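Worksheet: the structure to be examined is printed underneath.
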Amino acid sequence: MEFVLYEVKDAVGIITINREKALNALNSQVLDELSATLDGVDLNAVRCLILTGAGEKSFVAGADIGEMSTLSKAEGEAFGKKGNDVFLKLEKFPIPVIAAVNGFALGGGCEISMSCDIRICSDNAMFGQPEVGLGITPGFGGTQRLARLVGAGMAKQMIYTARNIKADEALRIGLVNAVYPQAELMDAALKMANGIAAQAPIAVRNCKKAINEGLQVSIDEGVAIEEKLFGDCFETEDQKAGMGNFLKKKDDPTKVKVVSFQNK
Ligand code: DAK
């Protein structure tokens, strides 16, 4: 892979978009490599992913404007589909994905972070959807995911004005969960990812599915989705070990035992 790095630390996979010279802008090759990287994740060994950008300046400065500038209508549509397919793959990925936003997250960069489950960022991060200034609409789900995350009013303001916002404002409006000094961002992301990886994996996966699928439907349908996924956890080794451990601790608090959760 030329533009995407992948490494595994314990049960956490770290995907780094590595096109620093172009501020990690998303061209077709980056999108293809991201897709292939996700396909290659070993879900028996990895329980949480972190997505970040190479360098200290930019997470992803958007879709590649140079590549987009010469596209015909049909090619533009195909490029949009390629991006959307990868972003949906990320959003529906069975395990949680944390975006560690280490700088600019503009246009497609803001959009790819919103396809992740959780966003944390460095104090130099900047978010925005500048597309209308380029004569286009957001094309990788920005109109849809931003409105769902921060509400329609704030999303419309950001998209219509094409104004970028800094990390503290992103935190205030709920676009990110936390802001860290740049040097501490990856440690914080790893700490969160390891905390997720230490939980029962089937339960975590089912929670992701329940939240994502529930957000698309009525509350009645959402609760029914949750019921099914809740039921699915029973009779798993995770559920038996997790509850068994709690009961044992209750009987004798000195016998606190680490549960080795299984993937089945
Ligand atoms: N694309 C390509 N190259 C980029 C880039 C981008 N988005 N952003 C930065 N670069 C490149 C610059 O061209 C420059 O390359 P060289 O000139 O050195 O070869 C290098 O990265 C460093 O950038 P700067 O010299 O500009 O660095 P500065 O610190 O001065 O400025 C900046 C940093 C982030 C403020 C600035 O680079 C900037 O404004 N970049 C563009 C940000 C932007 O507008 N992003 C949104 C792109 S639009 C759709 C599908 C997708 C989309 C829309 C529709 N459908 C098919 C419907 C998505 C759209 C977008 O994402």
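The values are calculated or read from the model by the stated rules, or taken from the named source; none is laboratory data. Note that the structure is predicted; figures quoted are calculated from it, not measured. Neighbour counts are summed over all protein chains in view; Cβ atoms, including those assigned to glycine, are modelled from backbone coordinates with ideal geometry. Surface areas here come from the heavy atoms of the whole protein model, side chains and all, with no ligands, DNA or RNA. Shrake-Rupley method; radii C 1.70, N 1.55, O 1.52, S 1.80 Å.
Residues in the range 158-183 that are aliphatic (A, V, I, L, M) and at positive phi: ALA162 only. Among the residues of the range 71-85, is any in contact (Cβ under 8 Å) with a residue 40 or more places away in the chain and either closer than 18 Å to ILE165 by Cβ or in contact with a strand residue (DSSP E or B) (Cβ under 6 Å, 6 or more places away or on another chain) (or both)? For the range 71-85, residues in contact (Cβ under 8 Å) with a residue 40 or more places away in the chain and either closer than 18 Å to ILE165 by Cβ or in contact with a strand residue (DSSP E or B) (Cβ under 6 Å, 6 or more places away or on another chain) (or both): absent. Any residue that is modelled with pLDDT of 95 or more and within 16 Å of the ligand (Cβ to nearest atom) - is there at least one of those in the range 188-210? Checked against the condition, which is being modelled with pLDDT of 95 or more and within 16 Å of the ligand (Cβ to nearest atom), the range 188-210 yields no hits at all.
Could you tell me how many of the residues in the range 138-178 are among the polar types (S, T, N, Q), more than 13 Å from the ligand (Cβ to nearest atom) and part of a loop (DSSP other than H, G, I, E, B)?
Of the residues in the range 138-178, 1 are among the polar types (S, T, N, Q), more than 13 Å from the ligand (Cβ to nearest atom) and part of a loop (DSSP other than H, G, I, E, B).
Note on the range 20-137: enclosed helices (runs of 4 or more DSSP H) holding 3 or more residues that are open to solvent by less than 10 Å² (accessible area, probe 1.4 Å) are 28-40, 73-91, 108-114.
The set of residues in the range 117-128 that are within 16 Å of the ligand (Cβ to nearest atom) and closer than 14 Å to LEU149 by Cα comprises PHE127, GLY128. Note on the range 102-158: residues that are modelled with pLDDT under 95 and not polar (S, T, N, Q) amount to 7.
Against the conditions (1) within 14 Å of the ligand (Cβ to nearest atom); (2) touching a helix residue (DSSP H, G or I) at 6+ places or on another chain (Cβ under 6 Å), GLY109 satisfies every one except (2).
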